[in-house]
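Visitor: The structure's right below; bear with me while I get my questions together.
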Amino acid sequence: MTDASSVALILALPFLGSLISAFLPARARNWAAGLAGSVALLAAGLLAGFYSEISAGRVVRHAEPWLPSLGLDLTLRISGFSWLFAMLIVGIGALVVLYARYYMSPQDPVPRFFSFLLAFMGSMLGIVLSGNLIQIIFFWELTSLFSFLLIGYWHHNQSARDGARIALIVTGTGGVCMLVGFLLLGRIAGSYDIDQVLMAGDLIRGHHLYLPMLILILIGAFTKSAQFPFHFWLPHAMAAPTPVSAYLHSATMVKAGIFILILLWPVLAGTESWYLIVATTGLATLLVGAWAAIFQHDLKGLLAYSTISHLGLITLLLGLGSPLGAVAAIFHTLNHATFKASLFMAAGIIDHETGTRDLRRLSGLARFMPITATLAMVAAAAMAGVPLLNGFLSKEMFLAEALEVHSGTILDQLLPVLATLASMFSVLYSLRFIHQAFFGPPPADLPRNPAEAPPWMRLPIEILVVLCLLVGIIPAVTIGPLLDIAARSILRDRTPLYDLAVWHGFSMPLLMSAIALVGGVLLYGLLGARLNRTAISPLIGWIKGRRTFETVLAATIQGARKLYGLVGTRRLQVQLRLLIVTAIVAGALPFINLGYSLGSLPGTVIDPVFAVLWGLGGVAAICAAVRAKFHRLAALIMVGIAGLATCISFIWLSAPDLGLTQLLVETVTLVLLLLGLRWLPLRSRHIPADIGTPFSVGFRRGGDLLLAICGGAGAAAIAYAIMTRPAPEGISRFFMEQAYPGGGGANVVNVILVDFRGFDTLGEITVLSIVALTVFTLLRRFRPAAESTQIPDQQKVQNASDGAREGSQHGDTAKHYLLVPRVIMEWLFPVILTCALYLLVRGHDLPGGGFAAGLTASIAIILLYMANGTRWVEARLNVHPVRWISVGLLLAATTGMAAWLFGFPFLSTYFSYFTLPIIGDVPIASALLFDIGVFAVVVGTTVLILIAFAHQSIRTPRAAPKPDAVAPDHDIGQIV
């Protein structure tokens, strides 16, 4: 399948595989590895199917409408460069999966590892295949998130947790900067579509926002690609399992920043700012990384700093601004991925078979693992730039480009010398890696006896090493066509002439390569064993990236605390005042600027009954505000009366859907608030000293009254001004006219929720689920304090009226204060459930729907809790609210995605009529499935919060529980 829609399948495959792997048993290592490998190979096969189109110079695009009014579509795009990068991601990924199958311990939850790995692979493919800038940022942040999970996979290891945290903060902060830079870039170019952006190079470079936009984008790219001074996170990420290091730091994570630099090179490069910032940063990274790598004792630490150095080399090539430099950067990106992935895997085999990666303890391993030693020597030689290997070709292109004049600055004059010096350091640390690990006397005192790794574990290294040899010996045949496709897709008519021949005759770049090789060997001979006695890197040992990071982070946190101490408060009243004042000011500004005027429609006569209703509601609201200080239960009852008045008003004004929903919400929230009273502190008629004097308290209350009057009067004025104007011919008429022909329902409100604005509803139920889980988690962590036995009897009576606290001593909240006989409440349970199902089924045509039905079903469950208590209900009724939430979200999302199978946008609705005997034609809409998902989520979230409140309101006695007693936490774990 090579049509454009298969691009979406390529992107979806890793995420689908990640989801499946997450549900596999913890010990299903073979199944998880087979699934991950199959996903990578299938994605590679689908990508290979695009080769003919890509080689012809075409760009394959697949777009789904998203926000066309903002110029944003869900666009997938495959150009020659993105195709080659995607093949690199899935190809190296497949090899890493095979390697990880043998590297990971059977005791590890390996399916979880492959779930994270596949999700990260999908995120990287998302960056490479995205067709607009905002979409790139979305996947960019996903790579930061999943790399955090991969680096911290061994979360029992403190260094792994620290490395994951540092990587997430550094790359996440860079991602925020890049988001702002992309917003500026899209504004300058007039579009966020990458193809449109790439055609606006002159406009972008000449714009006055070019420099701030460039700096912000470069910060994002530099943090991700570990450029100096953001390089420090990469060595700390070496605490991850070696397959993670081999994948993230050779072909994916750190290459994401390089991908962005290459992708936007045609529109950002070519200015003095680009040259000075990018070339200088790349050169500093090249030298610092190479010098630090020489003195590392950990094999993975050496490879980490060498990765930093090579990333600096690629960045330097791009910073030079020449087309040939860009070609060399693409070439070295591919070469680096092959030899660095193989070296990381070789280091992992050494660690796996010997139990250590410390070069000071390793020696003579070649006699115990000769095949691994041979493979590692070839890969290290490629990294050092030895002839007849791929690293030599791209490094020679780098040296040739270093000799060219680019700007005439001192950087140009020093560049040939510094490039040769960096290449010399590369030879030195490559030679140290090989010599100290594989040569010398037999190792002594190793944790494990060294031996060869299993053949299948070595196979990925063998494949990569063969590629290093083939590209180095016959580059024009192997990598030449692919490099040409990638270079032309980026440079287009600026693509330079270049030659991938192994021999170009005697030239200055060849001489510089020879000097680097000989100099590196001589330096290693001079330093030799001294390297093992060096604790820190000379000259740059004072540069402590992590210490600087921790200092900046601590200063930021301390500054935030001081700022919060100055302007923040723990009192909700003060925060509410600020919110309401802000809302009043924002609402008053249009009146100040434009004035206030009524419409031309005459007013209607107020019905006396309606006026009495609103009078009662207003009195109840005022009483609630007054009584809240002295009697919370009475205040809640008054709030309920005010809500009931609002409910009747909705019905009075012909809005039965709103009235029904309001009534159900009032019922559920009243019960939850009653349970929440258990958490409030004891009331006191004495004003605490930290609140203020009686005069200051009275002054604040007067201010609150004034704010309430201003806010209510302002809202009333806006409503009255709108209602005295004719209804505009706007979107409401569209919904009225299209509800049935477009959505298949006569209930306009429900059709809007599940069809026209179904995506909003999906987002809302997702947020609702997150809130419920958060409340549940917080209530499990923070228990209310046990009541003191010294509370006077009169105070106990007041507490009982607020939250039925006395009843909680006997096991179940409010169990001994029932006003309705328990048997009637039990009989009501099936009746209310039947009403809930009725509301669910009829919701598309008549008042009802998933939300109202879910609240109704929740009320039925609440009645059982009130009648019999938590333990009785949970012993007889398996609620499992988290499962309800999961099934509801999955059903709603699946219903939306099912539209894709028929070529329609996400959440498109289908409805038809089915003829049944006797009954006749019955309308059936796919939106019913979506509504069932909403129903399940509402039931799950409401009951989950109810359970959390109910259990935490049960007091746990200080004495040891009886053998047959069940702790509240255990109860919650069972039902959730």
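Here's the yes/no breakdown for (1) more than 29 Å from F116 (Cα to Cα); (2) surrounded by fewer than 24 Cβ atoms within 10 Å (Cβ to Cβ):
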| site | (1), (2) |
| --- | --- |
| T252 | no, no |
| A256 | no, no |
| V267 | yes, yes |
| G270 | yes, yes |
| I277 | yes, yes |
| L286 | yes, no |
| A290 | yes, no |
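Visitor: In contact (Cβ under 8 Å) with a residue 60 or more places away in the chain, under 26 Å from Q196 (Cβ atoms) and in a helix (DSSP H, G or I) - does that describe any residue in segment 46-58?
Guide: yes
Quick grid of which residues meet (1) at pLDDT 95 or above; (2) not aliphatic (A, V, I, L, M):
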| position | (1), (2) |
| --- | --- |
| L214 | yes, no |
| S225 | no, yes |
| H231 | no, yes |
| A239 | no, no |
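Visitor: If only one of L70, L42 is in contact with a helix residue (DSSP H, G or I) (Cβ under 8 Å, 6 or more places away or on another chain) and more than 25 Å from F331 (Cβ to Cβ), which one is it?
Guide: Answer to the selection: L42.
Visitor: Is it the case that segment 67-81 has a residue that's in the same structural domain as L261 (by TED's automatic domain parsing), part of a helix (DSSP H, G or I) and either closer than 21 Å to M124 by Cβ or among the basic types (K, R) (or both)?
Guide: Yes, some residue in segment 67-81 is in the same structural domain as L261 (by TED's automatic domain parsing), part of a helix (DSSP H, G or I) and either closer than 21 Å to M124 by Cβ or among the basic types (K, R) (or both).
Visitor: Of the numbered conditions (1) in contact (Cβ under 8 Å) with a residue 40 or more places away in the chain; (2) under 30 Å from I651 (Cβ atoms); (3) in a helix (DSSP H, G or I), V626 fails exactly one; give the number of that condition.
Guide: Failed condition: (1).
Visitor: What is the number of the single condition among (1) touching a helix residue (DSSP H, G or I) at 6+ places or on another chain (Cβ under 7 Å); (2) closer than 30 Å to L95 by Cα; (3) free of Cβ contacts under 8 Å to residues at least 60 places away in the same chain that A476 does not meet?
Guide: (1)
Visitor: Which helices (runs of 4 or more DSSP H) sit wholly inside segment 734-849 and have at least 3 residues that are at pLDDT 80 or above?
Guide: Where helices (runs of 4 or more DSSP H) fall fully within segment 734-849 and carry at least 3 residues being at pLDDT 80 or above, they are 748-751, 758-781, 822-842.
Visitor: How many of the residues making up segment 557-616 are closer than 19 Å to L707 by Cα, in a helix (DSSP H, G or I) and among the basic types (K, R)?
Guide: So the answer is 1.
Visitor: Of the residues G525, G615, G603, G520, which is out of contact with any helix residue (DSSP H, G or I) (no Cβ under 7 Å at 6 or more places or on another chain), closer than 30 Å to A422 by Cβ and of a type outside the set (D, E)?
Guide: Only one candidate passes the filter, namely G525.
Visitor: Out of all the residues in segment 618-677, which are more than 20 Å from L840 (Cα to Cα) and hydroxyl-bearing (S, T, Y)?
Guide: Passing the criteria: T646, S649, S654, T669.
Visitor: Out of everything in segment 396-420 that is within 43 Å of the chain's Cα centre (by Cα) and among the small types (G, A, S), what residue ends up being modelled with the lowest pLDDT?
Guide: S407
Visitor: A follow-up question, please. In segment 382-413, which residues are surrounded by 24 or more Cβ atoms within 10 Å (Cβ to Cβ) and more than 17 Å from I314 (Cβ to Cβ)?
Guide: Once the filter is applied, which keeps residues that are surrounded by 24 or more Cβ atoms within 10 Å (Cβ to Cβ) and more than 17 Å from I314 (Cβ to Cβ), segment 382-413 yields only L389.
Visitor: Another question about this same structure. Just one of S69, S105 is modelled with pLDDT under 90, within 23 Å of W154 (Cβ to Cβ) and of a type in the set (G, A, S); which is it?
Guide: Sole residue among the options that is modelled with pLDDT under 90, within 23 Å of W154 (Cβ to Cβ) and of a type in the set (G, A, S): S105.
Visitor: Continuing with this model, one more query. Sort through T252, T271, T280, T242 and tell me the only one that's closer than 18 Å to M383 by Cβ, touching a helix residue (DSSP H, G or I) at 6+ places or on another chain (Cβ under 8 Å) and polar (S, T, N, Q).
Guide: Only one candidate passes the filter, namely T242.
Visitor: A follow-up question, please. Of all residues in segment 752-775, how many are free of Cβ contacts under 8 Å to residues at least 60 places away in the same chain, buried (at least 18 other Cβ atoms within 10 Å of the Cβ) and under 20 Å from the mean Cα position of the chain (by Cα)?
Guide: 0
Visitor: Does F295 satisfy the criteria of being crowded, with 24+ Cβ neighbours inside 10 Å and not assigned by TED's automatic domain parsing to the domain that holds L263?
Guide: no
Visitor: Same structure again: Is it true that L150 is buried (at least 23 other Cβ atoms within 10 Å of the Cβ), touching a helix residue (DSSP H, G or I) at 6+ places or on another chain (Cβ under 9 Å), under 21 Å from A8 (Cα atoms) and assigned by TED's automatic domain parsing to the domain that holds Y247?
Guide: no
Visitor: Check off (1) farther than 23 Å from L142 by Cβ; (2) surrounded by fewer than 23 Cβ atoms within 10 Å (Cβ to Cβ) for P235 and give me the number that stays unchecked.
Guide: So the condition that P235 fails would be (2).
Visitor: Looking at (1) under 17 Å from A486 (Cα atoms); (2) buried (at least 23 other Cβ atoms within 10 Å of the Cβ), can you tell me which one A56 breaks?
Guide: Just one mismatch for A56, condition (2).
The values are calculated or read from the model by the stated rules, or taken from the named source; none is laboratory data. Predicted model, so just to flag it, every value in this text is computed and none were measured. Virtual Cβ from ideal backbone geometry, glycine too; neighbours counted across all protein chains shown.
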